[in-house]
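The values are calculated or read from the model by the stated rules, or taken from the named source; none is laboratory data. This one's a predicted model, so the numbers in the text were calculated from it and none came from an experiment. So basically every Cβ, Gly included, is an ideal-geometry build from the backbone, and we count neighbours across all protein chains shown.
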Amino acid sequence: MSEPVVDTTHEEGETRLSTGGLGRTLLVAAGVVFWGWLLLRWANDWLGGLFVPVGQPFVAPATIESLGASIPGLAGAFDALAFAVEYLPALSEGLWLTLVLTVLGIFFGFFIAVPLSVARVYGNLSKYVSLLYTELLRGTPLLAQLFVLYFGLNISGYVPGFLDGVFANNAAWAALVGFILNSAAYQSEYIRSALQSVDTGQLTAGRAIGLSKVDAIRYVVLPQGLRFAIPGWTNELIYLIKYSSLAAFITVPELFKRANDIASSNFRYTAMFTITAVLYLALVITASRMMNYVEDRTAIPGLGTGSGR
Amino acid sequence: MSDNEHTYLLEVDRVSQSYGTEKVLRDISFEMDRGDVTVLVGPSGSGKSTMLRCVNRLTEIDSGNIYLDGERITGPDVDVNELRKEVGMVFQDFNLFAHLTARQNIMLGPRRVLGLDKEEAGKRADEHLEMVGLTPQADSYPGELSGGQQQRVGIARALAMEPKLMLFDEPTSALDPELIGEVLEVMRDLADRGMTMLVVTHEMSFAREVASEMLFLDGGKIVERGPPEQLFDRPEEDRTASFLRRITEMHS
Ligand SMILES: Nc1ncnc2c1ncn2[C@@H]1O[C@H](COP(=O)(O)OP(=O)(O)OP(=O)(O)O)[C@@H](O)[C@H]1O
Ligand SMILES: [Mg+2]
């Protein structure tokens, strides 16, 4: 009786393993295609038409359509592909802005978030300053914040000369400031709860060997807290990739605005936003894979998710 | 600041301490010479940990004075981080830095507090790892070490600062019985090398063999003090006798 049971589990395990392997391979292949295309695209357009004229697809849509026409049953699919190929060059410009605004927003936001979270956990008066900031920025809509920065404070009117022209539209600076300030608040919440999960005895031990409080936080608590914060922090990164689309409402020509502008002229809303969704999805999957990798690379045996606690 | 009156390595002079309205230490006085091993015993809540923490000022006293090597270490003008270079502490729960290897745990203080460079600190760590018998575990993380090994790293971490005085707060209480011996052995070795040690422990055989003096603390007061033979064999106070009898039975 027991033998077949053992066999079944064995087979199941193997099946799961091989589909996992296949899924992984497909994901990696899709990633290589996506990023390969995107990098070539940007290189081509920035270097004044390295392979094809600036803004022109690598493969003409008409070629794809005629290719599809010769394969019975697949004509529809090829038509859709041809449609996507026609607009991808324009969307890739928006994708660049989306990516840059998100990455810089998270990056600079992080350097505000760390002191904010340390103040929340260890500060006296600064604790309340940090709390006020965090609640204010988490408690109001990002879109309202962008409106205040762009229409109210006219941030893009004060861009210093040497930064003028870095982005196609100076409204991007207002969006960037908004993303930095907003993501700092969210990131600080993730980091705060991670810092609080570092066992306080270690801080005491650090103080007991003569480290100042600041040094004990820096050398003992933060290296662990920041590791614990990675999963939550990944969420914030993924949110910001998607919420960066709100910049469209202050005229920043990022991915969503590009798609919307094109759709309003060709009226193919469903098709345009489906392509756009796929592009956002590619960014999100890339981000979460990368953060998984970082988490694995920085993992400490017996700490956090390990056997430690 | 040096004061010829205070020639002991550690002098605790009429120290009182309280948390809010709760009086924890009441008028405690004792002294330790260089090389002394003083064992502090007493029931739970009697203030043993608090007493140790006052010596490296993790806890502040209300009144009295403490002198280390002739210098007053209580008072607002004392730099606590300077004081803590001179006083090592070993904790019941080890409190190792979980993200650092054994070797890095030991190096952190010498590097960031004493200002040694990486190489010097590494050398010092290796010496102390050898002393506690953990050279093969140098690159293991705390999560990969047994409790006994972790505590030996804890001892090495404190020793690497080359302190004048070592404080031990129940260093074996969190250990499985079979791991207690290796930690006590390191402590015995340290005492033999002449380290001055103030130890809170329930290991009565260690106290009897190693202590130069024992203090029995109850209700924040020193009820009785003297060499271990006195406290174990002919205690002057009934409370001492019954406490030590109970503790010895529990731990044998
Ligand atoms: N941080 C604190 N805040 C308030 N009360 C405290 C604090 N630490 C200790 N106490 C109180 O001070 C008293 C002495 O505590 P202490 O830890 O010094 O005792 P102990 O002799 O070490 O006991 P144990 O054997 O249980 O470790 C206890 O009544 C305890 O509740
Ligand atoms: Mg205690």
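The numbered conditions (1) crowded, with 17+ Cβ neighbours inside 10 Å; (2) away from chain A (no Cβ under 14 Å); (3) away from ligand 2 (no atom under 16 Å from the Cβ) are all true for B:G220 except (3).
With respect to B:G88, determine if the residue is surrounded by fewer than 21 Cβ atoms within 10 Å (Cβ to Cβ) and either more than 24 Å from B:M214 (Cβ to Cβ) or more than 16 Å from ligand 2 (Cβ to nearest atom) (or both). So B:G88 fails the test. In this structure, does B:T201 turn out to be hydroxyl-bearing (S, T, Y) and buried (at least 21 other Cβ atoms within 10 Å of the Cβ)? Against the criterion (hydroxyl-bearing (S, T, Y) and buried (at least 21 other Cβ atoms within 10 Å of the Cβ)), B:T201 qualifies. Checked against the criterion of being at pLDDT 95 or above, out of contact with any Pro (no Cβ under 8 Å at 6 or more places or on another chain), over 30 Å from B:G226 (Cβ atoms) and within 16 Å of ligand 1 (Cβ to nearest atom), the candidates B:D117, B:D93, B:D139 yield just one match: B:D93.
When the residues of the range A:53-104 are filtered to those that are under 28 Å from A:A247 (Cβ atoms) and of a type in the set (D, E, K, R), the one that is nearest to the chain's Cα centre (by Cα) is A:E93. Small (G, A, S), away from chain A (no Cβ under 12 Å) and surrounded by 17 or more Cβ atoms within 10 Å (Cβ to Cβ): is that true of B:A156 in this structure? Answer is no for this residue. Looking across A:V129, A:V177, one residue alone is within 22 Å of A:L95 (Cα to Cα) and surrounded by fewer than 22 Cβ atoms within 10 Å (Cβ to Cβ). It is A:V177. Could you list, in sequence order, all residues of the range B:40-66 that are hydrophobic (A, V, I, L, M, F, W, C) and within 13 Å of ligand 1 (Cβ to nearest atom)? Within the range B:40-66, B:L40, B:V41, B:M51, B:L52, B:C54, B:V55, B:L58, B:I61 meet the criteria.
Scanning the range B:101-113 for residues that are out of contact with any Phe, Trp or Tyr (no Cβ under 7 Å at 6 or more places or on another chain) and within 8 Å of another protein chain (Cβ to nearest Cβ) yields B:G109, B:V113. Listed by first and then second residue, the pairs with beta-carbon distance under 8 Å, at least 6 apart or on different chains, first residue in the range B:139-150 and within 10 Å of chain A (Cβ to nearest Cβ), second β-branched (V, I, T), are B:S140/B:T101; B:Y141/A:I300; B:Y141/B:T101; B:P142/B:V153; B:G143/A:I300; B:L145/B:V153. Condition first: charged (D, E, K, R), surrounded by fewer than 16 Cβ atoms within 10 Å (Cβ to Cβ) and at negative phi. Now tell me which residues in the range B:27-56 satisfy that. Of everything in the range B:27-56, those that are charged (D, E, K, R), surrounded by fewer than 16 Cβ atoms within 10 Å (Cβ to Cβ) and at negative phi turn out to be B:D33, B:R34.
Residue by residue, here is whether (1) farther than 30 Å from B:S16 by Cβ; (2) within 17 Å of the chain's Cα centre (by Cα); (3) without any contact (Cβ under 8 Å) to a residue 24 or more places away in the chain holds:
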| site | (1), (2), (3) |
| --- | --- |
| B:D117 | yes, no, yes |
| B:L134 | yes, no, no |
| B:A156 | yes, yes, no |
| B:E162 | yes, yes, yes |
| B:D176 | yes, no, no |
| B:L198 | no, yes, no |
| B:S212 | no, yes, no |
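Looking at the range B:40-50, can you tell me whether even one residue there is within 14 Å of another protein chain (Cβ to nearest Cβ) and within 16 Å of ligand 2 (Cβ to nearest atom)? Within the range B:40-50 (the criterion being within 14 Å of another protein chain (Cβ to nearest Cβ) and within 16 Å of ligand 2 (Cβ to nearest atom)), the answer is yes, since at least one residue qualifies. Got a sec? Which of B:N81, B:N65 is over 15 Å from the mean Cα position of the chain (by Cα), in a helix (DSSP H, G or I) and surrounded by fewer than 22 Cβ atoms within 10 Å (Cβ to Cβ)? Testing whether each residue is over 15 Å from the mean Cα position of the chain (by Cα), in a helix (DSSP H, G or I) and surrounded by fewer than 22 Cβ atoms within 10 Å (Cβ to Cβ) leaves just B:N81. Pairing residues of the range B:69-93 that are more than 8 Å from chain A (Cβ to nearest Cβ) with residues that are of a type in the set (S, T, Y), at Cβ distances under 6 Å and at least 6 apart in sequence or on separate chains, gives B:G70/B:S2; B:Q92/B:S173. Does the range A:291-305 contain at least one residue that is part of a helix (DSSP H, G or I), more than 14 Å from chain B (Cβ to nearest Cβ), surrounded by 18 or more Cβ atoms within 10 Å (Cβ to Cβ) and out of contact with any Lys or Arg (no Cβ under 8 Å at 6 or more places or on another chain)? Within the range A:291-305, none of the residues are part of a helix (DSSP H, G or I), more than 14 Å from chain B (Cβ to nearest Cβ), surrounded by 18 or more Cβ atoms within 10 Å (Cβ to Cβ) and out of contact with any Lys or Arg (no Cβ under 8 Å at 6 or more places or on another chain).
Being at pLDDT 95 or above and not polar (S, T, N, Q) is a description that applies to B:F216. Consider the range B:159-180 and keep the residues that are within 16 Å of ligand 2 (Cβ to nearest atom) and hydrophobic (A, V, I, L, M, F, W, C). The one that is surrounded by the fewest Cβ atoms within 10 Å (Cβ to Cβ) is B:A174. Every listed requirement among (1) within 16 Å of ligand 1 (Cβ to nearest atom); (2) part of a strand (DSSP E or B); (3) of a type in the set (G, A, S) is met by B:S29 save one, (1).
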